[in-house]
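Asker: Here it is, the structure in full.
Since every read-out is calculated from the coordinates, none of them should be taken as a lab result. Keep in mind it's a predicted model, so treat the numbers as computed, not measured. Reconstructed Cβ throughout: ideal geometry from the backbone, glycine too, with neighbour counts over all protein chains shown.
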Amino acid sequence: MVKLLEKEGVKTIGRISAKNFNWPTSREDSLKVLNYFCKNLLVHFGDFQDAMHTEEAYLFHSRLSFALNTKMLSPKEVIDSVLDYYYDHKDEIDISQTEGFIRQILGWREYMRGIYWKEMPGYRRTNKLRNQNDLAPFYWDANTKMNCLHQSIKNSLENAYAHHIQRLMITGNYALLTETHPDQVDEWYLGIYIDAIEWVEMTNTRGMSQFADGGLVATKPYVSSGSYINKMSNYCKDCHYSVSKKKGEKACPFNTLYWNFLDSKREHFKNNQRMNMMMSLLNKKDSEELEEIRSRAKAIISNPSDF
Ligand SMILES: Cc1cc2nc3c(=O)[nH]c(=O)nc-3n(C[C@H](O)[C@H](O)[C@H](O)COP(=O)(O)OP(=O)(O)OC[C@H]3O[C@@H](n4cnc5c(N)ncnc54)[C@H](O)[C@@H]3O)c2cc1C
Ligand code: SF4
């Protein structure tokens with residue numbers, strides 16, 4: 001496959017290695033990936049689906065999205081195979097692992113498909129939060145001191161893959177916290193991932209991740225400070241920044257950007273009940289602390305390469 005791309009002079013971004021090319025390119029390959037998932041990964045899928053680890057790019061994820069989106073496998077076929085395998089191995093596999101997996105396909109994937117066909121063509125222009133900033137340049141080379149972003153972007157460039165929580169709570173989270181224009185976020189996701197086909201890429205990026213549709217797909221924005229990232233990953237222990245610090249040069253940038261984002265978007269969230277608790281915590285911050293947050297956030301957003 002890599003030789004063919006080179007021979008045909010196809011221009012690519014990221015890093016491609018023939019030795020490590022592990023994506024299915026035929027129906028036969030795709031069925032092997034599906035069988036491998038059922039036999040080896042389903043048993044722990046639900047327990048670890050939100051975890052992130054520097055040594056494990058795929059963890060217990062299926063890597064089936066590319067085969068599904070290119071129609072080498074049908075969603076029904078994947079669900080049926082997983083169910084059959086579960087019924088034959090009920091003593092080994094808990095129903096929660098199976099339910100957790102099927103929900104992703106029957107729930108999220110079908111939902112995104114419905115949203116796309118219902119909302120297009122206007123959906124591609126949504127930017128309810130009026131975000132206007134540029135995407136940080138390190139999205140294209142992984143060159144940043146923030147270890148969570150470095151690891152997730154490096155994976156993405158090397159494997160054309162990141163799992164859901166990396167896409168949502170690392171790269172998506174940072175793009176939203178830095179108030180990046182959704183067009184630029186869309187372009188990046190569409191260009192980077194092997195499974196990026198517009199109907200499923202755009203609804204996830206603009207809808208689920210960037211809240212650009214104002215809450216049609218997600219009822220609240222998926223944003224977090226560093227503590228969530230620390231809870232779900234091993235990224236923070238080797239980071240230049242300290243996840244527990246809220247102030248000073250070594251403070252985790254996500255801690256600053258999180259409160260700055262809520263402050264900057266107060267008007268948008270004041271009537272969102274799911275944001276009430278965080279907005280009332282924000283309201284308890286005194287003006288001096290808020291000024292410090294705003295000024296550091298401005299420095300991070302204006303000079304992303306320094307962080
Ligand atoms: C910002 C962002 C952009 C995304 N862009 C894409 C994209 O371009 N193409 C794409 O297929 N998925 C996209 N997703 C959804 C999800 O991250 C990927 O489907 C998943 O990571 C693919 O890896 P996997 O096959 O190992 O998934 P697993 O974790 O093993 O999940 C099993 C299957 O469930 C389906 N699925 C899970 N979550 C979603 C979801 N939110 N929307 C649709 N299907 C889902 C996929 O078909 C996936 O193969 C995106 C998510 C986010 C937050
Ligand atoms: S300390 Fe902050 S920037 Fe560093 S890895 Fe943790 S969350 Fe990311």
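Asker: By counting other Cβ atoms within 10 Å of each Cβ, how are LEU34, LEU168 ranked from fewest to most?
Answerer: Arranged by neighbour count, lowest to highest, LEU34, LEU168 become LEU168, LEU34.
Asker: Bin width 10 Å, origin at 0, all Cα-Cα pairs of the stretch 104-228: what percent of pairs per bin?
Answerer: In order of increasing distance, the bins hold 13, 48, 33, 5, 0 percent.
Asker: Considering only C-alpha atoms, what is the centroid distance from the stretch 77-132 to the stretch 195-225, in Å?
Answerer: A separation of 14 Å, based on Cα centres.
Asker: Does the stretch 43-103 come out rounded, prolate or oblate, given a ≥ b ≥ c as the square roots of the eigenvalues of its C-alpha gyration tensor, rounded meaning a/c under 1.5 and, failing that, prolate meaning a/b above b/c?
Answerer: Note, shape of the stretch 43-103 comes out oblate.
Asker: With viscosity set to 1.002 mPa s and temperature to 20 °C, compute the Stokes-Einstein D of the chain, Rh being the Kirkwood radius across alpha carbon pairs; µm²/s, no decimals.
Answerer: D = 104 µm²/s.
Asker: With the contact rule set at Cα under 8 Å and sequence spacing of 6 or more, what percent relative contact order holds for the stretch 26-119?
Answerer: This gives 35 percent for the stretch 26-119.
Asker: Once phi is turned into ³J(HN,Hα) by the Karplus curve 6.51 cos²θ - 1.76 cosθ + 1.60 with θ = phi - 60°, what whole-Hz value does each residue of the stretch 235-252 show in order, with x for glycine and proline?
Answerer: 5, 5, 5, 10, 8, 4, 9, 9, 5, 7, 7, 9, 10, x, 4, 8, 5, 4
Asker: With θ set to phi - 60° and the Karplus curve 6.51 cos²θ - 1.76 cosθ + 1.60, what are the ³J(HN,Hα) couplings of the stretch 171-178 in order, to the nearest whole Hz, using x for Gly and Pro?
Answerer: 5, x, 4, 5, 4, 6, 4, 8
Asker: Same structure, new question: Tally Lys and Arg at +1 and Asp and Glu at -1 over the other residues with C-beta under 12 Å from the C-beta of TYR36: what net charge comes out?
Answerer: Computed value for this residue: +2.
Asker: Now, a different point. Taking LYS90 as the anchor, which lysines have their alpha carbon closer than 17 Å to its alpha carbon, excluding any fewer than eight residues away along the same chain?
Answerer: LYS39
Asker: Which of the aspartates and glutamates could a cross-linker bridge to LYS3, judged by Cα under 18 Å and excluding same-chain residues fewer than eight apart?
Answerer: Cα-Cα hits under 18 Å: GLU158.
Asker: Work out the charge dipole of the chain with +1 on the Cβ of Lys and Arg and -1 on the Cβ of Asp and Glu about the Cα centre, then indicate which of GLY100, ASN234, MET146 is farthest towards its positive end.
Answerer: The listed residue farthest towards the positive side: MET146.
Asker: I need the phi-derived Karplus couplings for the stretch 205-210: 6.51 cos²θ - 1.76 cosθ + 1.60, θ = phi - 60°, integer Hz, Gly and Pro marked x.
Answerer: 6, 6, x, 5, 8, 9
Asker: Report, as a whole number in µm² per second, the diffusion coefficient that Stokes-Einstein gives for the stretch 241-306 at 20 °C and 1.002 mPa s using the Kirkwood radius over alpha carbon pairs.
Answerer: This corresponds to a translational diffusion coefficient of 171 µm²/s.
Asker: Give me, ordered by chain and number, the residues 5 or more places off SER233 or on other chains with an amide H under 5 Å from its own placed amide H.
Answerer: Residues meeting the criterion, in which the H sits 1.01 Å from N, are MET52.
Asker: Which order results if MET202, MET72, MET1 are arranged by neighbouring Cβ count within 10 Å, fewest first?
Answerer: Result, fewest neighbours first: MET1, MET72, MET202.
Asker: Where does the chain land at 222 nm, in deg cm²/dmol rounded to the nearest 500, when only DSSP H runs of n ≥ 4 count, each adding -39500 (n - 2.57), divided by all residues?
Answerer: -12500 deg cm²/dmol
Asker: Which of MET146, MET277, MET232 moves the most in a Gaussian network model of the chain with Cα springs under 10 Å?
Answerer: Judging by the Gaussian network model, the answer is MET277.
Asker: Exceeding 27 Å between C-alpha atoms, which entries from my cross-link table qualify? They are LYS32/LYS220; LYS154/LYS265; LYS220/LYS285.
Answerer: Going by Cα-Cα distance, LYS32/LYS220; LYS154/LYS265 fall outside the 27 Å limit.
Asker: Which of the residue pairs LYS145/LYS284; LYS128/LYS284; LYS145/LYS298 have a Cα-Cα distance greater than 24 Å in the structure shown?
Answerer: LYS145/LYS284; LYS128/LYS284
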